[in-house]
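Scroll down for the structure; my scribbles are underneath it.
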Amino acid sequence: MMELNLIWFVLIVVLFTGFFLLEGFDYGVGILLPFMSPHDSERSQVLRTIAPVWDGNEVWMITAGGALFAAFPHVYATMFSTFYLALFLMLVALILRGVAFELRGRHESPCWRHFWEGAICFGSAVPAFLWGVAVTNLIQGLPINEKMIYLGGFFDLLTPYTIIGGLTFFFVFTFHGAAFLTQRLASHGLTLRARTLAAKAGALAIIAFVFCLLLTFLNTDLFQSALGGLCLLAAGAAFIVGYLRLFQGHSRLAFVLSSLAIAATTVGFFAGLFPRLMVSSLDPAWSLTIVNAASTHYTLSIMTIAAACLVPVVLIYQGWTYWIFRQRISPNDCNDTH
Amino acid sequence: MEALLLSRWQFAITTTYHFLFVPITLGLSIFVALLETCYVRTKRPAWKETCRKLVRFFGTIFLINFSMGVVTGIVQEFHFGMNWSEYSRFMGDIFGAPLALEALTAFFLESTFLGIWVFGWDKLSEKLHCACIWLVAIGSNISAFWILVANSFMQHPVGYAIENGRAVMTDFFALLTNHYVLGEYSHALFAGISTGGFVVLAISAWKVLHDEASRYAFTQTLKAGAIYMAIGLLGVMGSGHMHTQYLAEANPMKLSSMEALWETEDPAPFAIMADINMEKNRNDCELAVPGVFSFMLYNKPEGEVKGINALQKEYQAKYGPGDYRPDVPALFWSFRIMVAAGGFMLMLAFAIALLAKMDRVMAFPLLLKALPFLLPLPFLANSAGWFIAEAGRQPWIVVGLQKTADAVSPNLTAGSVWLTMIGFTALYLLLAIAALYIALRHIRTTSIPVEGRDS
């Protein structure tokens, strides 16, 4: 009986890892968009690098949410009602961002384009930051009572630790996006610009990451889990190596290492949580775990069969998309606005 | 208490807004896929070129609409946990599965292949490219299926047991084969086809009148749109009729409220108009045709239909004291609005299809002029239909199992719901204006002239 709960915990980790890894770079590209170039045509090329894939990447988040609802409904209920206003902010950001991708290119006026580019930047920055705040809140613990109900308010979610957590996610994703851009653009000028921005974002990310690690050590019990602690330290190391490699011209390696760092961070935080999914700061017995928050054995079995059949298929066709659009984006690609 | 009321309003606003875009996605995705299939299969070079331009033309409308549908859909997924956490706890074992399956089977499919479709025109073969839009259309319709599986459970629970005060799934296949799903899904699918068809019709009519160079191309889509819409409407009526008959068994309170039938009668009359008095549990006056309500349900002018008062007593005996009547006047009139709008649209579709077949469309410019202004009709009918479905199950959120009042998040304050409700509404208004502006601009400025006709 416990195996299925464990499988679903792992699957949730896989979904969040996929989400942060993939959506991480398109949040990063969105954040960097206004800073990449003063020329409209060049910013169009930047956007074009993620245009065919961002929506598919976002589905990883939707699926993670749906999987939480199906496998651990109490976590879904408690988490989403706890983060009520934070999620509202995130939804506003995601709504603006999604529509902006569609509408920006459909009018030539510079004013129109600037507005929607601003929306893409805002719509990428806010969720990047908020996911960091959310993850650190989960591990730090929240005032959750014996009925799994959150007793605090919106501003209780913002502590120095969680703000550092938010900044860490924000800068890591920004660096991740910049490293992605160095891989995906044909223009030498733009590639250089992406590398310059990566230098700045990466430096800030390293500082934030170090603080985040330190505060995680002080504020949470994450390091009591050997796997959790190791993963986070490995993530930090991978990120720093990737950062240094970028300037020796190994931009692909840098992107691979920042991907690894993001994956290891995600796994690390979840390993630290295990077997809990939300920690109660009031009483350890009131934490939501993979046992007391889970669906029944029957539902988990049905969902396990479905996931085993469907996830590989999704991975294959999403991989195919990246294969189709593997060529670097050149100025010619943006002549026709579909 | 205030947080509950506000949460209901917020859900009503955001879900009604979301469902402005969903039916267009359902119907227009299939229409664009059919158009592209024509493009791939035709051997006539000039028509092929016209087809390609038409695919891109309606494809753009589809994309703008699709992006609105996607972003407003995320709000709905989050809503259950944010505002209705007690519902999510009570129902999570059952309700989460279709939502997760929706993401796995449908959202990945439609978003991935739409990305390929939009940016892959010169990267894929014609056939493969066409297959992509078909996958998008299939994905959208699978998504509708799963969400209606979830909704059908709320209307008519099956395949479950109650354990420790929570509903748990005991038979997944009973959920899928719930007769309610068949009614809701077919009705929604055909409503999508009708709505998509009307969108094509309204745009084509405007182009035929105002863009002479494009007249040939849009006369073709006018004809195609009218036929497509007529098929959709016939399906809507057939599935609606089937579902109404099924309601007599599955959800009699909703059915009798829809018809404002207070007392059990055999044969039951159909009220065309009624002055409904909720306080006295009767209609103060009504204009009714005898036997027709029974005929709707049993295909013969006799047969007993239970009245609201009898059902109210029955439910009180079963579930304890309380008011189990939904808002009867609102249901009654919504049903009439829906049916009237549907009937009128069907006549329109037939008239235009016939005129187009005889090449006589241009002889009735007034009809063409009116079409764009009649475009709100399918949306009115869709919203009225959903209103009947959702308001009709009140006071329950899950019929017979959980009341709406017990479903709201306990830690929700009225202040935060006010904030989010105003925020969503303002944002939605802004986006509606922007999207509509771009869509209208696209329709106005994109011309599809025909260079040389095929012999």
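The values are calculated or read from the model by the stated rules, or taken from the named source; none is laboratory data. Being a predicted model, the structure only gives us computed values, none of them experimental. Reconstructed Cβ throughout: ideal geometry from the backbone, glycine too, with neighbour counts over all protein chains shown.
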Which one of these does B:L412 not meet: (1) over 25 Å from the mean Cα position of the chain (by Cα); (2) in a helix (DSSP H, G or I); (3) at the interface with chain A (Cβ under 10 Å from one of its Cβ atoms); (4) not polar (S, T, N, Q)? (2)
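Answer yes if at least one residue in segment B:36-48 is out of contact with any Pro (no Cβ under 9 Å at 6 or more places or on another chain) and either outside the structural domain of B:N151 (by TED's automatic domain parsing) or buried (at least 24 other Cβ atoms within 10 Å of the Cβ) (or both), and no otherwise. Give the steps one after another, and end with the answer.
Applying the first criterion (out of contact with any Pro (no Cβ under 9 Å at 6 or more places or on another chain)) to segment B:36-48 yields B:36-48.
If we keep only those that are either outside the structural domain of B:N151 (by TED's automatic domain parsing) or buried (at least 24 other Cβ atoms within 10 Å of the Cβ) (or both) too, we end up with B:36.
Within segment B:36-48, one or more residues are out of contact with any Pro (no Cβ under 9 Å at 6 or more places or on another chain) and either outside the structural domain of B:N151 (by TED's automatic domain parsing) or buried (at least 24 other Cβ atoms within 10 Å of the Cβ) (or both).
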Unmet criterion (only one of (1) assigned to a helix (DSSP H, G or I); (2) closer than 29 Å to A:S41 by Cα) for A:G249: (1)
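Report yes if B:A351 is part of a helix (DSSP H, G or I), in the same structural domain as B:S256 (by TED's automatic domain parsing) and of a type in the set (G, A, S), otherwise no. Outline the logic, then answer.
Values: part of a helix (DSSP H, G or I): yes; in the same structural domain as B:S256 (by TED's automatic domain parsing): no; of a type in the set (G, A, S): yes.
Criteria not met by B:A351.
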Given the criteria facing another protein chain (nearest Cβ under 10 Å) and crowded, with 18+ Cβ neighbours inside 10 Å, does B:L431 qualify? yes
Scan segment B:96-117 and give yes if some residue there is among the acidic types (D, E), over 23 Å from the mean Cα position of the chain (by Cα) and either over 28 Å from B:L4 (Cα atoms) or crowded, with 23+ Cβ neighbours inside 10 Å (or both), otherwise no. no
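Rundown of residues vs (1) crowded, with 18+ Cβ neighbours inside 10 Å; (2) more than 30 Å from B:D93 (Cα to Cα); (3) not aliphatic (A, V, I, L, M); (4) not assigned by TED's automatic domain parsing to the domain that holds B:N309, yes/no style:
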position	(1), (2), (3), (4)
B:S152	yes, no, yes, yes
B:Q155	yes, no, yes, yes
B:A174	no, no, no, yes
B:T195	yes, yes, yes, yes
B:D211	yes, yes, yes, yes
B:K223	yes, yes, yes, yes
B:L234	no, yes, no, yes
So which of A:G242, A:G228, A:G189 ends up being within 18 Å of A:Q140 (Cα to Cα) and assigned to a helix (DSSP H, G or I)? A:G228
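Mind listing just one residue for me: the one in segment B:81-94 that is facing chain A (nearest Cβ under 7 Å) and not hydroxyl-bearing (S, T, Y) and, of those, nearest to A:L91 (Cα to Cα)?
Here is the first cut: in segment B:81-94, the ones facing chain A (nearest Cβ under 7 Å) are B:81-82, B:85, B:88-89, B:92-93.
From what's left, not hydroxyl-bearing (S, T, Y): B:81-82, B:89, B:92-93.
Numbers: B:G81: 13, B:M82: 12, B:R89: 22, B:G92: 22, B:D93: 25 Å.
Checking each candidate, the answer is B:M82.
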Please determine, by comparing only the residues of segment B:49-80 that are within 8 Å of chain A (Cβ to nearest Cβ) and charged (D, E, K, R), which one is surrounded by the most Cβ atoms within 10 Å (Cβ to Cβ). B:E77
Go through segment A:299-338 residue by residue and tally those that are touching a strand residue (DSSP E or B) at 6+ places or on another chain (Cβ under 6 Å) and either among the hydroxyl-bearing types (S, T, Y) or free of Cβ contacts under 8 Å to residues at least 60 places away in the same chain (or both). 1
So, in segment B:363-405, how many residues would count as being under 21 Å from the mean Cα position of the chain (by Cα), part of a helix (DSSP H, G or I) and at pLDDT below 90? 0
In a loop (DSSP other than H, G, I, E, B) and touching a residue at least 40 places away in the same chain (Cβ under 8 Å) - does that describe any residue in segment A:30-39? yes
Run A:V256 past the list (1) within 17 Å of the chain's Cα centre (by Cα); (2) surrounded by 22 or more Cβ atoms within 10 Å (Cβ to Cβ); (3) closer than 30 Å to A:H188 by Cβ and report the number of the one that doesn't hold. (2)
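Quick test for you: out of A:L151, A:L142, A:L138, A:L167, pick the one residue that is surrounded by fewer than 19 Cβ atoms within 10 Å (Cβ to Cβ) and of a type in the set (A, V, I, L, M). Even if it seems obvious, please write down each step before you answer.
On the way: A:L142 fails: surrounded by fewer than 19 Cβ atoms within 10 Å (Cβ to Cβ); A:L138 fails: surrounded by fewer than 19 Cβ atoms within 10 Å (Cβ to Cβ); A:L167 fails: surrounded by fewer than 19 Cβ atoms within 10 Å (Cβ to Cβ).
Among A:L151, A:L142, A:L138, A:L167, only A:L151 is surrounded by fewer than 19 Cβ atoms within 10 Å (Cβ to Cβ) and of a type in the set (A, V, I, L, M).
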Scanning segment A:57-67 residue by residue, the ones that are more than 8 Å from chain B (Cβ to nearest Cβ) and touching a residue at least 40 places away in the same chain (Cβ under 8 Å) total 3
